[in-house]
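The values are calculated or read from the model by the stated rules, or taken from the named source; none is laboratory data. Just so it is clear, the structure is predicted and the values come from calculations on it, not from any experiment. Here the Cβ is made from the backbone with ideal geometry for all residues, glycine too, and neighbour counts use every protein chain on show. Accessible surface is based on the protein model in full, side chains and every heavy atom, while ligands, DNA and RNA are left aside. Shrake-Rupley method; radii C 1.70, N 1.55, O 1.52, S 1.80 Å.
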Amino acid sequence: MAEHPAGSGRVWAGALLLILLAGAVLAAPWLCGQDPLRMDLGARLQPPGPAHWLGTDQLGRDQLARLLHGGRVSLMAGLAASGAALLLGLAWGVAAGLTGRTGDFILMRAADVGLAFPGLLLALVLVGVWQGGVWTLVVALALTGWAWWARLARGLLREAQGREFVLGGRALGVGPWRLLANYLLPQMWPPLAVAAAMKTGWIIVALSALGYLGLGIQPPAPEWGAMLQQSRLYMSRAPWLMLVPGGAVFLVVLACNLIAEGLRRRWQIREVRWL
């Protein structure tokens, strides 16, 4: 697949933004010396200023500290859930594409059952049953997305199997594992990379939505969705309480979309039927 330089700027911009955000949350103790759990009722609802760069919340807690420490959950759990869903769905879809007609039918019908459930609703049920926790969120969101990835991977594999050089390799006696590694997966990689960038943004939003509904990381631990939920009563008096975590979610989704669009343009992917 020929590469085109048109999308390189978007890829670099999105990757740089994502790296800066990830670096900031990982370096939270050094970037902000405030304790995200320390309450100071005398400094409650202070606007951004020299003492608190992003202001304080209704309990006097520093918003910058809570933003950075909460980003560890929102970013890292989102990336882990997105990666787990991709790997599980890719393995499932490749297995379906490489097995015979009966195996393909059974595996894809199981994936169809997974696709029949609305993703966010299924995540709500799973998190509600298993109770909160970072790994519970990761597993729940991975289980809501694997079937979509399985369908996409199986479709891409079927399309790659019909190309002439793959048929030629099979005719020359290339083994199935070598055929998969050297002929099929390289053709599947560009659309998968574009879809991964797009889906990661969706996972971050879903994670924040669960936090907003009170099913994510439980207070007083900071998390972007929970910060949005706690700010709803103070929108008129302290709008920065909503703008700070909302802006962080926006920037992460923007970075993911820039990467996805840049990769699509770079690899000249005009249409992917399964996206």
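Which residues, counting only those in segment 191-223, are open to solvent by 10 Å² or more (accessible area, probe 1.4 Å), outside any helix (DSSP H, G or I) and touching a residue at least 40 places away in the same chain (Cβ under 8 Å)?
Leu213, Leu215, Ile217, Gln218, Pro220, Ala221, Pro222
Within segment 224-260, restricting attention to residues that are in contact (Cβ under 8 Å) with a residue 60 or more places away in the chain and assigned to a loop (DSSP other than H, G, I, E, B), which residue is most open to solvent (accessible area, probe 1.4 Å)? I'd like the intermediate steps shown before the answer.
Going residue by residue through segment 224-260, those that are in contact (Cβ under 8 Å) with a residue 60 or more places away in the chain are 224-227, 230-231, 233-234, 237-238, 240-241, 244-245, 248-249, 251-252, 254-260.
Those still in the list that are assigned to a loop (DSSP other than H, G, I, E, B) too: 237-238.
Working: Arg237: 148, Ala238: 1 Å².
Among those residues, the one meeting the criterion is Arg237.
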